[in-house]
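Following: one structure in structure tokens, then a few remarks.
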Amino acid sequence: MAGYLIRRLVILTLSLAAASVVIFVVIEVAPGDPASFMLGMNARPDTVAALRVELGLDQPPLQRYFAWVGGMLRGDLGLSYTYRAPVAQMVAERAQVSLPLALYALGLSVLIALPAGIIAATHRGRLADLSVVGATQLGIAVPNFWFAMLLVLLFALKLRWFSAGGFPGWSDPLLALKSLTLPAVALALPQAAILARVLRSSLIDILAEEFIRTARAKGLSRRQTLWRHGLRAALIPVLTILGLQFSFLLAGAIIIEQVFFLPGLGRLIFQAITQRDLIVVESVTMLLVFAVIVVNLLTDLAYVAADPRLRAQ
């Protein structure tokens, strides 16, 4: 297990190094000068040049890259060109929205997918199974931003049970969770559809295994066999999907945050791109890549812990 962990940490380090190069190159070669954007089209050339010097944009790209990476290793994500505020502070404020939203959506996804997948697998070919399969196909096909707008129209504008957008902060936790409910549902349902289909397929395969028939032959009921043996074995591939889904929910909620006007990391990146705030885009993207890689590492470790056969590979 220790050797596996060391190999994974080496791969994590190399992945982060490669990601930093790709992110810096792609963002730095994008058209548009941040200094010219900030000062406007009618700015004097000498004023633009002075601002470029102040922002450090006059330095060679390689020097800027190592300064950026060195700063991140020290915990310094730089200073926003637009807001003139530390990027680390901006990330900390926005993460108070994005991280709870991702966890909320993931929790809802699991609560929906587990019973749906179990019911479909244990009633294969029957009405319950066909209903779950049809619902999951619809959940995968419907874009989450379109579903989010339907939720706003129904529950915010018509029924007025929830607000249409915005985030009041965590001074009132219940009000904060209520404001995150519609975005979390919009994010959770497509992920729950995927998770339910994976669990259904895995559980159907497991219930056909020899050790399940052996457990039944020893006197265990169908329900006992399912909960003691079948479900535990079927959850192994589900762990991998959960890790991927959390990474997506954390880094891929930009559109949902725009629909609900949530001040999260996705919206921060979107605003930084439109304002040509390169240091914010680079640093936040790198942090999200780091979070995704770490979550995948933890998922792999959980996978190995759940299936001892992988430790020997």
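The values are calculated or read from the model by the stated rules, or taken from the named source; none is laboratory data. Computed from a predicted model, the values in this text were never measured in an experiment. As a convention, Cβ positions derive from the backbone with ideal geometry for all residues, glycine included, and neighbour counts pool all protein chains shown. Calculation scope for accessible area: heavy atoms of the full protein, side chains included, ligands and nucleic acids excluded. Shrake-Rupley method; radii C 1.70, N 1.55, O 1.52, S 1.80 Å.
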Cleavage-rule hits (trypsin sites (Lys or Arg not before Pro)) in segment 85-167: DSSP loop, at most 15 neighbouring Cβ within 10 angstrom: R124, R126, R160
Within the chain: Cβ-based charge dipole about Cα centre, in debye rounded to nearest 20 (Lys, Arg +1; Asp, Glu -1): 1480 debye
Among N144, N42, N296: highest mean-square fluctuation, GNM of the chain, C-alpha pairs under 10 Å: N42
Three-way shape call for the chain based on the alpha-carbon gyration tensor, with the a/c threshold at 1.5: oblate
Accessible area expressed per residue, the chain, with surrounding protein chains retained (probe 1.4 Å, Å²): 54 Å²
Estimated FRET transfer efficiency (D205, F145; beta-carbon r; R0 22 Å; 0.05): 0.05
Packing-based order for 171-180, 267-276, using average beta carbon neighbours within 10 Å, highest first: 267-276, 171-180
Protection proxy ranking, peptides 82-88, 208-214, average beta carbon neighbours within 10 Å, highest first: 82-88, 208-214
Whole-percent carbon and sulfur share, accessible surface of the chain, 1.4 Å: 68 percent
Listed residue (L301, V238, P115) projecting farthest to the positive dipole end of the chain, Cβ model: P115
